[in-house]
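S.K.: Dropping the structure in here first, questions after.
Just so you know, all these numbers are worked out from the coordinates, no wet-lab data involved. Quick caveat: nothing in here was measured; it's all calculated off a predicted structure. Counting neighbours? That spans all protein chains shown, and the Cβs are built from the backbone with ideal geometry, glycine included.
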Amino acid sequence: MDDAALGREAWSVLEANWTGSVTVPAPGLYPHQWNWDSTFVAIGLARWDTRRAGAELVSLLAGQWRTGMVPHIVFRPAHAEAYFPGPSVWRSQDHPDSPNGVCTSGLTQPPLHALALWWVWRHAADHDTATALVRRLYPMLVAQHDYLAATRDLGGGGLAAIVHPWESGMDDSPAWDAPLAALAPVRYAYRRDGLPERHPDSHHDRYVWLALRYRDSGYDPAYLRQEHPFAVEDPMFNGIWLASCQALAELAPVAGADPGPHRERAERIRAALLDRLWTDGAFHARDLRGGRLVPVCTVGSFGPLLDPGLPAERVAELVRVLESPRFMGAAGYPVPSCEIRAQEFDRSRYWRGPSWVNTNWLLRRAATVHGLTALAQVLGTCTLRLVRQAGFRECFDPFDGSGRGSRDFSWSAALTLDLLA
Ligand code: 2M8
């Protein structure tokens, strides 16, 4: 299939998943608006349709809480309980800080929003629309970053902690196995049907149990600090936050604001990443409750590469790991979501092995900011080969490139549009 035909197919997926105000991740399985999915959709649309890229971010931020937290799901009322856990589980409307008239979850996802807004602004065909968008969204993104700094620095070292695997966007990554295993065994009555490969063992029960505990605390920051049993500093979440701080610094003058505080925060995050998460030639997640670094390396380990200011020797070490047989060197199709040599690696299970278009895009962006053009080229070309061969699937087998999970997946289509540019 030539580039033009692939681009047309990507557009038709995005059209089909567009509700008139938001793009849902995939038909059927994900009938609501998901947080980082919408940021990838905005990135993909940036060069082609400034208004719709902006609308995607605006509709997502309509779900922002008064605390600054941007929720991981913004529910569409017509499909309220079509996904579990739905609004009746999260009960956002009972909380005084939730937005009026919008039902959301109570968790967040990687803070890619400022980078996505910068991408839209930087590539916009319609410059006036993009400038107005920056002025409108800038204060909301400042509030988001302030929330992370004030409420999520549970380790006290300058990084944001995730309090649930869903917050990582890489739900059942082996990086969360040990912190989840340390939880008291739970059985929860509800289960989603039909997806045996996605939630092995009793992980899904633990996900629901963790969400309910947080909800029952009243989404209380003090509960998170003192009692919540899952708190992890993830290098991907924090690498994305750092890149978004740098993006906010670039956008600040457009909004008539001072870029200084964003630059300073980016530097603090970089220092904390190096100090707290670096070991054995790579970044590793830190389990704050277990008090240790998680040994397994995943695609999340490369998140801090998004920082152009990462010291050169660290960049070189990370790229060595990325290109080694632990990741790209032994995979036919980059980048496996877990290192291939790990016992937990599973080529067919969701975030435990398959390759994903969104993380490939992030690593291609990281390669670009470090001037690693050959690596960026390989990541772009191989990702396009995946979608050409297997379609806009949710994820892909890293050895043979066959598709896994949902079909017609929005971020796979949207980022294809960007890669074709
Ligand atoms: C997956 O996560 C949801 C929960 O948020 C799920 O498993 O049901 C992840 O791949 C996540 O990254 C993504 O945002 C979401 C929607 O595509 O699906």
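S.K.: Roughly what would the spin-label model give for LEU212 and ARG407, points 7 Å off Cα along C-beta, in nm?
M.R.: Modelled inter-label distance: 3.6 nm.
S.K.: Which ³J(HN,Hα) values, rounded to whole Hz and listed in residue order, are derived for segment 144-155 from phi using the Karplus coefficients 6.51, -1.76 and 1.60 in 6.51 cos²θ - 1.76 cosθ + 1.60 with θ = phi - 60°, glycine and proline given as x?
M.R.: Per residue, the Karplus-derived 3J(HN,Hα) values read 4, 5, 5, 4, 4, 5, 7, 10, 10, 7, 6, x Hz.
S.K.: 5 Å is the cut-off here: which amide hydrogens, built 1.01 Å from N in the peptide plane, fall below it relative to ARG404, excluding neighbours closer than 5 in sequence?
M.R.: Amide H neighbours of ARG404: GLU394, CYS395, PHE396, ASP397.
S.K.: What nm distance separates the two modelled labels at ALA184 and ALA132, each placed 7 Å from Cα along Cα→Cβ?
M.R.: 5.5 nm
S.K.: Another question about this same structure. Counting only residues 5 or more places away or on other chains, whose amide H sits under 5 Å from the amide H of ASP346 once H atoms are built in the peptide plane?
M.R.: Result for ASP346 returns GLY353.
S.K.: Still on this structure: What are the ³J(HN,Hα) couplings of segment 68-77, residue after residue, when phi is run through the Karplus curve with 6.51, -1.76, 1.60 and θ = phi - 60°? Round to Hz, x for glycine and proline.
M.R.: Computed from phi, the couplings for segment 68-77 are x, 5, 9, x, 7, 9, 10, 7, 9, x Hz.
S.K.: May I pose another question? Please check: in the Gaussian network model of the chain (C-alpha springs, under 10 Å), which one of ALA231, ALA312, ALA367 has the largest mean-square fluctuation.
M.R.: Looking only at ALA231, ALA312, ALA367, the biggest GNM fluctuation is shown by ALA312.
S.K.: Another question, if that's okay. Could you give the size of the charge dipole of the chain about its Cα centre, using +1 on the Cβ of each K and R and -1 on the Cβ of each D and E, expressed in debye and rounded to the nearest 20?
M.R.: Roughly 60 debye, rounded to the nearest 20.
S.K.: Let me ask something additional. Applying the Karplus parametrisation 6.51 cos²θ - 1.76 cosθ + 1.60 with θ = phi - 60° to the phi angles of segment 299-311, what ³J(HN,Hα) value in whole Hz is obtained for each residue in order, glycine and proline being reported as x?
M.R.: For segment 299-311, the Karplus-derived couplings read 4, x, 4, 9, x, x, 5, 5, 8, x, x, 5, x Hz, x marking Gly and Pro.
S.K.: Under a crude label model (7 Å from the Cα following the beta-carbon direction), how far is ALA4 from ARG388 in nanometres?
M.R.: Each label point is offset 7 Å from its Cα along the Cβ direction, giving 1.6 nm.
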